[in-house]
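Some notes on the structure that comes next.
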Amino acid sequence: MNTYPLYPPKVRDGDNIVWKAIVTIFFIKTTILVLIVGSFVTPNARAQTTVEPHVSLKVENMPLKEVLKILELKTHITFSYLNEELPLDERITLDVNDEPLRQVLETLSNRCALTFTRIDNIMTIKQRKGEDKTKRPQGVGILRGTVRDSVTSEVLPYANVFIREINRGASTDNRGFFLIPSISARRGIP
């Protein structure tokens, strides 16, 4: 007859290493399984976030800028554009009922000579190449440039540019570039 002790047997160093190896292999296999299953689930989740919204909208003689604001509110898509590149004051009359956003933007594109590019929930709007629908009064221009360090000539990102004489200014982007629209050419800047 075999008798078993009431206390656990002594673990030798070799047994401890084997146990650690078994646990490590188990966790590695579990991690690989989670990654494989996750790769099958991710594409479906992404596809659901880019579903095209439908829009109902009725506006009469409204500036393009206001129409874009309404579309942002209704679709939760951010419209990104440069004010001086688009005919934002152009009047729009539109009556759509539960139309895909793509069709609404195509209508705006035809009327205002615009192009729309969507990446996730950001819609970039640009003037169609070769057409300039912006109507700037004569004698009005854009002041643009790059701010650089006077010693090293490196660009200065996020710097402020201010012209005291006309009380206008702008901040540079991450490449040191700035743009101040609607500058009167009749007024000299020292």
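The values are calculated or read from the model by the stated rules, or taken from the named source; none is laboratory data. Worth saying up front: this structure is predicted, and the values here are computed from it rather than measured. Note that we place each Cβ from the backbone using ideal geometry, even for glycine, and neighbour counts take in every protein chain shown.
Data table
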quantity	calculated
Count of segment 155-170 residues which are out of contact with any Leu (no Cβ under 7 Å at 6 or more places or on another chain), within 16 Å of GLU84 (Cα to Cα) and modelled with pLDDT of 85 or more	1
Checklist (1) of a type in the set (A, V, I, L, M); (2) surrounded by 15 or more Cβ atoms within 10 Å (Cβ to Cβ); (3) modelled with pLDDT of 85 or more; (4) more than 25 Å from the chain's Cα centre (by Cα) applied to VAL151, failing item	(2)
Which listed residue, of LEU57, LEU88, LEU105, LEU68, is part of a loop (DSSP other than H, G, I, E, B), at pLDDT 80 or above and of a type outside the set (S, T, N, Q)	LEU88
Filtered residues of segment 171-190 (kept if of a type in the set (D, E, K, R) and at pLDDT below 80)	ARG186, ARG187
